[in-house]
Amino acid sequence: MAGEPTSDAGSLREAVIEAIKLGEGQFGKREIARALKLKGTEAKWDLKDALSALEAEGTISRNSDKSYTLAGTLPAVTVVEITDRDTDGELLAAPVRQDRAAPRIRLAPGEGAGGKGQTALGIGDRALVRLSPDDEGGYEARLIKRLGQSAHKILCVLRKPASGPMRLLPVDRRSRHELMPAKGEADKADDGDLVLCQIAKERRHGLKTAEIVEVIGPATGPGAGSIIALYSHGVPQGFSETEQREADTVKPAKIRDREDLRDLPLITIDPDDAKDHDDAVWAAPDDHPKNEGGWQVIVAIADVAAYVTPGSALDRGAFKRGNSVYLPDRVVPMLPERLSNDLCSLREQEERPCMAVRMVFDKRGNKTSHRFLRGWMKSAAKLSYTQAQTAIDGGDGGPANALLDDVLRPLWGAYFAVREARARREPLEIDAPERRVRVGPDGKVAGVEVRERFDAHKLIEEFMIQANVCAAETLEKHKTPLIYRVHEQPSKEKIEGLAAYLPTVGLKW
C-alpha cells in the first residue's frame, strides 16, 4: 500500500500501481518513491526495475513529462487541444502530451462557451481541463483554464468565388468548419490552391481567421492527392530537430555479444522498387539424426533497437508514427533516412545487427522448436521476387542464378514442407490481387497495374507468419501482454446476405 515501506518484488509492483493511481498522472519516479517511503540506493534501483517491468508489460505508461499513468487512462488534470465538434456541436479534444492513442474526450455541455468578456473555445485552442470517465469509454472534460492556441496547421483549399467572401475549406472531411483568410492572406495564393494554414486570432462571432503559411499548389495538381491523404489521415511528416540530430549522431552498432551469423547466406527478397530491406531469410536441411527430412529456417529483421533507445526522441517519434507509409509517388518513413534507408536496412554485403528467430520444422512442415537471438549478419544478396522466382523456374534470374543450389532451393524446400502443413490446417485463403499505381515523370497517374504473385511472395509471407507465431508463443510463455489482430464481428445484414447466398452455390448455412 502507498505510504508503507515495502521490498518484496511482487508487493512492490502492487504498491507502485497503487501509488500511480493515487497520483492521478502527476507522479514521476521521485514522487512514487516518496509515497512508498523508499530510501537508499538499493530501494531506488528496485523501484526503477519495477517501473521498467510494469511499463514493458503494458500495465503502466510513461508520459512525456516522465510521470506515470495506468495504461489506457489519462491524468485527472491534463492539457488538451480542441480538435473538432461532434454532431451535437459539443467540443472534442485530444491530449497535447499523449504519446499513445487516447480515448475520446468531449467537453461537458456549455464548457468553453465563453461569456463575461471571454470568447468561446474553438478548434486549435488549448486548455487545462479536469477529466472524469464517462459511460462510453471516454472522458468528459471540465475547463480549468484556457491556455491560448497551438501551432496546429490545417490543410485547406482556397476558394475565391465571383461574389461573396473568400473561404478556406479544410480538406479533412471530419472538420465541418470553414475558415476565413486573414486580411491580405488571400493574395498569397490562387483560387483552388492547396494551402497550409494556421489559425490567426480569436473571433467573438463568425468564422475563425487563418494565416496561410505555405502554398503547396493547385489542389488538382500532381502529388496533391498524396498530400491530402497524408493530412486527412493525420500522418506526421518530417522529423523534429531533436530526432534528426539523434539520427545524425547515432554510432554504428558493434558485434559485441551478438551471435555471429555472417557465415550463413541470408538473403533479402523484396519488390523490384524496394528502397529499404527489413528482413532476410535462410534455410537448410536439418542435419539432426532425429529430424530426418526436416528443415532449419532463420528469419532475421533489422534490429532497430541497436540504434533507437527507449524514451529517446526517435523512439517517441516512431511510436507516434507507428509505421512507414507508402504512397504511389512517395514514402513517408517512420525513422529518418540515415536509419530507415541505411543503418536499419539489411543492405547487400554490409554487416548489420539483427533480431532473428531460428526455427526447426519436421519433414511434414510442423514446427518442432524455435529460438530467438540477437545476431550480427551480412546479407549475401539482394534479390527481387521476380529474380528469385525466375531462377527457381529455370530462367535467367540474373544474380539469383548463382544462388540457386545453395540458397534458393533449400528455401523452397522448406517452404513446400511448411505449405503442406498449412494446407492440412485448411485456413481461410484470401488471394486478393495487389495493384500498383504507376506515376509518370509529371507526377500524374500513368496507369494501374496488377502485380504478379509468385511462390517467392508466398514463401516470404509464410516464413514471416511463422516468425510471428514464434514471437506470440514466446511472449505468452513469459506472460508478457501482446496485441493480436482480430476482425470485427460482421454486421447482421452481411450475415443474412451470406445465408441467402450459400444455397445458390450448393452450400448449407
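Please treat every number below as a calculation from the coordinates, not as lab data. The structure presented is a predicted model; accordingly, all values stated were derived computationally and were not measured. Using ideal geometry, Cβ is built from the backbone for each residue, glycine included, and neighbour counts are taken over all protein chains shown.
Numbers below:
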{"item": "Total charge dipole magnitude, the chain, about the Cα centre, Cβ charges on Lys, Arg, Asp, Glu only, Debye to nearest 20", "result": "1540 debye"}
{"item": "Low-density loop cleavage sites - GluC sites (Glu not before Pro) in segment 405-447, where at most 10 other Cβ are within 10 Å (DSSP)", "result": "Glu429"}
{"item": "Net charge of neighbours whose Cβ lies under 15 Å from the Cβ of Gly40, counting Lys and Arg as +1 and Asp and Glu as -1", "result": "+4"}
{"item": "Segment 246-477: C-alpha gyration tensor shape, a/c 1.5 cut-off, then a/b vs b/c", "result": "oblate"}
{"item": "Qualifying GluC sites (Glu not before Pro) in segment 458-509, DSSP loop, other Cβ atoms within 10 Å at most 10", "result": "Glu488"}
{"item": "Whole-number percent relative contact order across segment 264-385, with pairs defined as alpha carbons under 8 Å at least 6 apart", "result": "35 percent"}
{"item": "Under-5 Å amide H pairs with Val213, H placed in peptide plane, nonlocal only", "result": "Leu196, Cys197, Gln198"}
{"item": "By average C-beta atoms within 10 angstrom, highest first, the peptides 136-144, 318-326", "result": "136-144, 318-326"}
{"item": "Whole-Hz couplings from phi, Karplus 6.51/-1.76/1.60, listed for segment 333-346; x for Gly and Pro", "result": "x, 6, 10, x, 4, 4, 8, 5, 10, 9, 5, 9, 10, 7"}
{"item": "For Thr309, net neighbour charge (Lys/Arg +1, Asp/Glu -1) across residues whose Cβ lies under 10 Å away", "result": "-2"}
{"item": "For Asp257, Asp49, order by how many other beta-carbon atoms lie within 10 Å, fewest first", "result": "Asp257, Asp49"}
{"item": "Contact order normalised by residue count of segment 246-477, Cα under 8 Å, 6+ apart, percent", "result": "23 percent"}
{"item": "Gyration tensor (alpha-carbon) shape descriptor, the chain, a/c threshold 1.5", "result": "oblate"}
{"item": "Cross-link table Lys275/Lys458; Lys363/Lys458; Lys153/Lys320; Lys254/Lys477, entries beyond 22 Å C-alpha to C-alpha", "result": "Lys254/Lys477"}
{"item": "5 angstrom amide H check on Ala446, placed H, neighbours 5+ away", "result": "Arg438, Val439, Gly440"}
{"item": "For Val505, Val437, order by how many other beta-carbon atoms lie within 10 Å, fewest first", "result": "Val505, Val437"}
{"item": "Whole-Hz ³J(HN,Hα) from phi, Karplus 6.51 cos²θ - 1.76 cosθ + 1.60, for segment 124-133, glycine and proline x", "result": "x, 6, 10, 8, 8, 10, 9, 9, 9, x"}
{"item": "Around Leu196: net Lys/Arg minus Asp/Glu count, Cβ-Cβ under 14 Å", "result": "-3"}
{"item": "With Cα atoms, 0 to 90° folded angle of helix 492-501 axis to the chain main axis", "result": "40 degrees"}
{"item": "Reach of Lys37 by Cα under 22 Å, taken over lysines that are not fewer than 8 positions away in the same chain", "result": "Lys21, Lys29, Lys48, Lys66"}
{"item": "Selection from Ala229, Gly394, Gly28, by position along the positive dipole direction of the chain (Cβ)", "result": "Gly28"}
{"item": "Calculated from backbone phi, Karplus (6.51, -1.76, 1.60) coupling profile of segment 357-364 in Hz, x at Gly/Pro", "result": "10, 9, 10, 10, 10, 7, 5, 8"}
{"item": "Placed amide H near Glu90: partners under 5 Å, 5+ positions off or other chain", "result": "none"}
{"item": "Charge dipole of the chain about the Cα centre (unit charges at C-beta), most positive-ward option of Ala305, Gly138, Asn366", "result": "Gly138"}
